[in-house]
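Undergrad: Questions regarding the structure given below will be posed in turn.
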Amino acid sequence: MKLNDDTDYQRCFVCGKRNPYGLQLVFRREGQSIVTDFLPREEHQGFPGVIHGGIVAAVLDETLGRASLLAQQPQWTMTGKLEVRYRRYVPYGPLLRVRAWLLKERRTMLQAQGVLTLASDESTPLAEAQGIFLPLPEAFVDTLMRDYPGLRQFFTGELEE
C-alpha cells in the first residue's frame, strides 16, 4: 500500500498536497517504522516560539495511523483512541521528526506508538503518543470509492518502500 496520497483527493489536513492550509507531510518507511519530517510554519505556533499542541497531536495521529500499513495484513484505519504526552515544548524553527511503529495487531484493531523529536537529535522526545486504530468500515470505503475513484488504488495498492 502507498504511504502518500497521489490521488484525485489529497485534501487531508496533515498529508494532503492539495490542501493549501494543511501541513502537507510526506511519509516514508524506515525498517519497521513510519517516519515524517515536519518544518513548522509561523502560523503553527500557540505561544510565541512554541508549536500548538493540537498541531503536535495531529502529526502524531497521522503518523501512528500509518503504522497500520506495517501490519501482517496492511490496512487503512481510523483513530479509535489517541493519548499524547507532551514532554517538552515543541520549538518553532528547527526541523522536527515523527517516528511511529506498530505495537499490537489484531483483526479488529491495531495499536501504535510514536515519538516527536528534533530531526537533528532523536534522542530527546518532545512528545510521545500511543493510539488504537480501527479498520475502515467497508461501507465507508465504498462511499469514498464512489466519490473519489482514484482512492481505490491508494487503499488497496502495494506499500511503497
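The values are calculated or read from the model by the stated rules, or taken from the named source; none is laboratory data. For clarity, every value in this text was computed on a predicted model and none was experimentally measured. Reconstructed Cβ throughout: ideal geometry from the backbone, glycine too, with neighbour counts over all protein chains shown. To get the accessible areas, we keep the full protein, side chains included, count just its heavy atoms, and leave off ligands, DNA and RNA. Shrake-Rupley method; radii C 1.70, N 1.55, O 1.52, S 1.80 Å.
Undergrad: Of all residues in the range 75-107, which are of a type in the set (A, V, I, L, M, F, W, C) and part of a strand (DSSP E or B)?
TA: Residues of the range 75-107 of a type in the set (A, V, I, L, M, F, W, C): 76, 78, 82, 84, 90, 95-96, 98, 100-103.
Selection gives M78, L82, V84, L96, V98, A100, W101, L102, L103.
Undergrad: Of the residues in the range 24-39, how many are in contact (Cβ under 8 Å) with a residue 24 or more places away in the chain, farther than 21 Å from L144 by Cβ and in a loop (DSSP other than H, G, I, E, B)? Show your work before the answer.
TA: Restricting attention to the range 24-39, the residues satisfying the condition of being in contact (Cβ under 8 Å) with a residue 24 or more places away in the chain are 25, 27-30, 32-39.
Add one more test, that the residue is farther than 21 Å from L144 by Cβ, and what stays is 28-30, 32-39.
Pick out the ones that are also in a loop (DSSP other than H, G, I, E, B) and you get 32, 39.
The total comes to 2.
Undergrad: If I go through the range 40-68 residue by residue, how many of them are closer than 16 Å to L118 by Cα and of a type in the set (S, T, Y)?
TA: So the answer is 1.
Undergrad: Scan the range 40-57 residue by residue and report those that are within 14 Å of the chain's Cα centre (by Cα) and either in a strand (DSSP E or B) or surrounded by 16 or more Cβ atoms within 10 Å (Cβ to Cβ) (or both). Can you show your working first?
TA: Initially, the range 40-57 is screened for residues within 14 Å of the chain's Cα centre (by Cα), giving 54-57.
Correct list: I55, V56, A57.
Undergrad: Scan the range 71-90 for residues that are free of Cβ contacts under 8 Å to residues at least 60 places away in the same chain, open to solvent by less than 40 Å² (accessible area, probe 1.4 Å) and more than 20 Å from L126 (Cα to Cα) and jot them down. Steps first, please.
TA: At the first step, the residues of the range 71-90 found to be free of Cβ contacts under 8 Å to residues at least 60 places away in the same chain are 71-73, 77-90.
This time we only want the ones that are open to solvent by less than 40 Å² (accessible area, probe 1.4 Å), so: 71, 77, 90.
Listed by number, the residues that qualify are A71, T77.
Undergrad: Tell me, which residue of the range 125-156 that is of a type in the set (D, E) and not in a strand (DSSP E or B) is most open to solvent (accessible area, probe 1.4 Å)?
TA: Restricting attention to the range 125-156, the residues satisfying the condition of being of a type in the set (D, E) are 128, 138, 142, 147.
Right, trim to not in a strand (DSSP E or B) and you get 138, 142, 147.
Values: E138: 144, D142: 79, D147: 96 Å².
Among those residues, the one meeting the criterion is E138.
Undergrad: Going by what's in this entry, would R99 be described as of a type in the set (D, E, K, R), farther than 21 Å from D6 by Cβ, in contact with a strand residue (DSSP E or B) (Cβ under 9 Å, 6 or more places away or on another chain) and at pLDDT below 95? Give the steps one after another, and end with the answer.
TA: Values: of a type in the set (D, E, K, R): yes; farther than 21 Å from D6 by Cβ: yes; in contact with a strand residue (DSSP E or B) (Cβ under 9 Å, 6 or more places away or on another chain): yes; at pLDDT below 95: no.
In short, no.
Undergrad: If you take the residues of the range 6-39 that are open to solvent by less than 80 Å² (accessible area, probe 1.4 Å) and more than 22 Å from Q113 (Cα to Cα), which of them is farthest from the chain's Cα centre (by Cα)?
TA: D8
Undergrad: When you check R88 against the structure, is it under 20 Å from K2 (Cα atoms) and not hydrophobic (A, V, I, L, M, F, W, C), yes or no?
TA: Values: under 20 Å from K2 (Cα atoms): no; not hydrophobic (A, V, I, L, M, F, W, C): yes.
So R88 does not fit the description; no.
Undergrad: Also, quick follow-up: I need the full set of residues from the range 108-124 which are not polar (S, T, N, Q) and not in a loop (DSSP other than H, G, I, E, B), in order please.
TA: Kept after step one, since they are not polar (S, T, N, Q), are these residues of the range 108-124: 109-110, 112, 114-116, 118-119, 121-122.
Selection gives L110, A112, G114, V115, L116, L118, D121.
Undergrad: Continuing with the same structure: Are any residues in the range 91-124 more than 17 Å from the chain's Cα centre (by Cα) and open to solvent by less than 40 Å² (accessible area, probe 1.4 Å), and if so, which ones?
TA: Passing the criteria: only P91.
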